[in-house]
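A quick write-up on the structure given underneath.
The values are calculated or read from the model by the stated rules, or taken from the named source; none is laboratory data. Please read all numbers here as calculations on a predicted model, not as lab measurements. As a convention, Cβ positions derive from the backbone with ideal geometry for all residues, glycine included, and neighbour counts pool all protein chains shown. All accessible areas refer to the heavy atoms of the entire protein, side chains included, with ligands and DNA or RNA removed. Shrake-Rupley method; radii C 1.70, N 1.55, O 1.52, S 1.80 Å.
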Amino acid sequence: MTYRILHILDHSLPLHSGYTFRSASILREQHKLGWQTWHLTSPRQERCTVAEESADGLHFYRTPVPAGWMAGQPVLGLFAEMRATEQRLLQLAREIRPDILHAHSPVLNAIPAIRVGRRLGIPVVYEVRAFWEDAAVDHGSTREGSLRYRLTRALETWALRHADWVTTICEGLRQDMLARGGIHPNRITVIPNAVDAQGFQFAPAPDQELRARLGLEGATVLGFVGSFYGYEGLDLLVDALALLAPQHPDLKLLLVGGGMQEANLRAQVERLGLAGRVLFVGRVPHAEVGRYYSLIDLLCYPRKAMRLTELVTPLKPLEAMAQGKLLVASDVGGHRELIRDGETGALFRAGSPPALAEAVERTLAQRDRWEAVRAAGRRYVDEERNWAVSVARYQTAYQTLSGKTG
């Protein structure tokens, strides 16, 4: 069955983020199923001044950044963005006449889609990857209980109740939606985060040239690859390294990426006397990330406990399993949905550097189990967390809403 789907996205390729990679994977898998897709991004597509653009084999329509006095206001600017998205979406939907409008987080995309859908008689799927009010709090751009927080939460709940179908990435978010009331459980489908396992080499040999250049020869390497947000808990990882360092002189920490916490982390490293044990290599081109992964013996995901991390499943642990990497992770809800403690990785008590240090020490000591853990992680990705399995779950929503069968 062929469906005609118009996706509404916050941002897309050629920008690189977990959001854009998930979007691209979904679109490509839908194409494999024979479904037709069109793609519109919001005014939040950074540094974009064109009306249309192709990237990595996908074509995107763009929404211009709104002008006028409202655009610069902290709250009214949100409505200016939604109005701009609605106008562009209305134009495209009239031209394309899709079977489905599929709006992806944040809620600033869902509300324009619902308004256009009602106007043109097109059903709307709203895909929630995270609740925007929680992401804003955890990134430090707003405060829980503030006007902006309460407004965005109210908009989120309204959109969940008025969309024709809701999809989300994990069970934690689904349960939060049901607790808000007014949403039928049979109209919520979990489309889990996944990876293209074939795109990752299993247990790649370390890149010896890069290892020598970074001074990691003979070292046991802990590592993190991603953005340095406060909720990632990298400060806890540095504290754990300080606890491990006296007994493990060969242990080093490789941090790949950057972000708002980098200056604080560098100061912490200096304060703890770990300057020779922690390597900040900055952001690296996407095509080069695999070289750095190959040097890491144990990936660490010490996320702190808060609404965002308890509800939302991250992508990075799945990428680690696809590559056959060992990993330790805090026991927040998002990690518990992905990692089977003792089978595909090790979980430790969130927020505790000693618990993290103990999990690292225990994992490094159990060398006789490494191959079994690596194989179990790859098997989990191959069988349960691949994009073909995840994207097939859209079928029920699309078929029900479009009325197309057989």
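Quick one: how many residues across the range 188-228 are open to solvent by less than 40 Å² (accessible area, probe 1.4 Å) and of a type in the set (Asp, Glu)?
1
Right, LEU78: among the aliphatic types (A, V, I, L, M), touching a strand residue (DSSP E or B) at 6+ places or on another chain (Cβ under 7 Å) and either open to solvent by 30 Å² or more (accessible area, probe 1.4 Å) or more than 23 Å from ILE169 (Cα to Cα) (or both) or not?
Values: among the aliphatic types (A, V, I, L, M): yes; touching a strand residue (DSSP E or B) at 6+ places or on another chain (Cβ under 7 Å): no; either open to solvent by 30 Å² or more (accessible area, probe 1.4 Å) or more than 23 Å from ILE169 (Cα to Cα) (or both): yes.
No, not satisfied.
So which residues in the range 10-23 are of a type in the set (Gly, Ala, Ser) and either touching a residue at least 60 places away in the same chain (Cβ under 8 Å) or surrounded by 20 or more Cβ atoms within 10 Å (Cβ to Cβ) (or both), if there are any at all? Break it down into steps so the answer makes sense when it comes.
Let us first name the residues in the range 10-23 that are of a type in the set (Gly, Ala, Ser), namely 12, 17-18, 23.
Those that are of a type in the set (Gly, Ala, Ser) and either touching a residue at least 60 places away in the same chain (Cβ under 8 Å) or surrounded by 20 or more Cβ atoms within 10 Å (Cβ to Cβ) (or both): SER12, GLY18, SER23.
Just to check your reading of the model, which residue among GLY72, GLY68, GLY57 is out of contact with any Asp or Glu (no Cβ under 9 Å at 6 or more places or on another chain) and either open to solvent by less than 50 Å² (accessible area, probe 1.4 Å) or at pLDDT 95 or above (or both)? First the steps, then the outcome.
Numbers: GLY72 fails: either open to solvent by less than 50 Å² (accessible area, probe 1.4 Å) or at pLDDT 95 or above (or both); GLY68 fails: either open to solvent by less than 50 Å² (accessible area, probe 1.4 Å) or at pLDDT 95 or above (or both).
Result: GLY57 is the single residue among GLY72, GLY68, GLY57 that is out of contact with any Asp or Glu (no Cβ under 9 Å at 6 or more places or on another chain) and either open to solvent by less than 50 Å² (accessible area, probe 1.4 Å) or at pLDDT 95 or above (or both).
Mind listing whichever residues of the range 82-121 are among the charged types (D, E, K, R) and on the phi > 0 side of the Ramachandran plot? It would help to see each step written out before you state the result.
We begin by selecting, within the range 82-121, every residue among the charged types (D, E, K, R); these are 83, 86, 88, 94-95, 97, 99, 115, 118-119.
The one that is among the charged types (D, E, K, R) and on the phi > 0 side of the Ramachandran plot: ARG97.
Just for the range 323-356: of the residues that are of a type in the set (Gly, Ala, Ser) and in contact with a strand residue (DSSP E or B) (Cβ under 9 Å, 6 or more places away or on another chain), which one is most open to solvent (accessible area, probe 1.4 Å)? First the steps, then the outcome.
Residues of the range 323-356 that are of a type in the set (Gly, Ala, Ser), as a first pass: 324, 329-330, 333-334, 342, 345-346, 350-352, 355.
Within this subset, residues satisfying the condition of being in contact with a strand residue (DSSP E or B) (Cβ under 9 Å, 6 or more places away or on another chain) are 329-330, 345-346, 350-352, 355.
On the way: ALA329: 0, SER330: 0, GLY345: 8, ALA346: 10, ALA350: 29, GLY351: 46, SER352: 12, ALA355: 17 Å².
Filtering the range 323-356 for residues that are of a type in the set (Gly, Ala, Ser) and in contact with a strand residue (DSSP E or B) (Cβ under 9 Å, 6 or more places away or on another chain), the one most open to solvent (accessible area, probe 1.4 Å) comes out as GLY351.
Please give the number of the condition SER105 fails out of (1) among the polar types (S, T, N, Q); (2) within 21 Å of ARG129 (Cβ to Cβ); (3) surrounded by fewer than 20 Cβ atoms within 10 Å (Cβ to Cβ).
Among (1) among the polar types (S, T, N, Q); (2) within 21 Å of ARG129 (Cβ to Cβ); (3) surrounded by fewer than 20 Cβ atoms within 10 Å (Cβ to Cβ), the lone unmet condition for SER105 is (3).
Hey, can you tell me all the residues within the range 387-400 that are in contact with a Phe, Trp or Tyr (Cβ under 6 Å, 6 or more places away or on another chain) and among the hydrophobic types (A, V, I, L, M, F, W, C)?
Within the range 387-400, just ALA397 meets the criteria.
If ARG88 meets every condition in (1) touching an Asp or Glu at 6+ places or on another chain (Cβ under 8 Å); (2) crowded, with 20+ Cβ neighbours inside 10 Å apart from one, which number is that one?
So the condition that ARG88 fails would be (1).
Would you point out which residue out of VAL360, VAL373, VAL328 is touching a residue at least 60 places away in the same chain (Cβ under 8 Å), among the β-branched types (Val, Ile, Thr) and more than 27 Å from GLU127 (Cα to Cα)?
VAL360
Among (1) open to solvent by less than 30 Å² (accessible area, probe 1.4 Å); (2) of a type in the set (A, V, I, L, M); (3) more than 30 Å from ALA287 (Cβ to Cβ); (4) modelled with pLDDT of 80 or more, which single condition is LEU151 missing?
(1)
Which of (1) farther than 27 Å from THR168 by Cβ; (2) in contact with a Leu (Cβ under 8 Å, 6 or more places away or on another chain); (3) part of a helix (DSSP H, G or I) does LEU318 not meet, given it meets every other one?
In the conditions (1) farther than 27 Å from THR168 by Cβ; (2) in contact with a Leu (Cβ under 8 Å, 6 or more places away or on another chain); (3) part of a helix (DSSP H, G or I), LEU318 misses (1) alone.
Condition first: in contact with a Cys (Cβ under 7 Å, 6 or more places away or on another chain) and within 24 Å of LEU254 (Cβ to Cβ). Can you find one or more residues in the range 365-376 that meet it? Talk me through it step by step, then tell me what you get.
First, pick out the residues of the range 365-376 that are in contact with a Cys (Cβ under 7 Å, 6 or more places away or on another chain): none.
Checked the range 365-376: no residue is in contact with a Cys (Cβ under 7 Å, 6 or more places away or on another chain) and within 24 Å of LEU254 (Cβ to Cβ).
Scan the range 158-171 for residues that are open to solvent by 20 Å² or more (accessible area, probe 1.4 Å) and out of contact with any Pro (no Cβ under 6 Å at 6 or more places or on another chain) and jot them down.
Going through the range 158-171, the residues open to solvent by 20 Å² or more (accessible area, probe 1.4 Å) turn out to be 158, 161-162, 164, 171.
Within the range 158-171, TRP158, ARG161, HIS162, GLU171 qualify.
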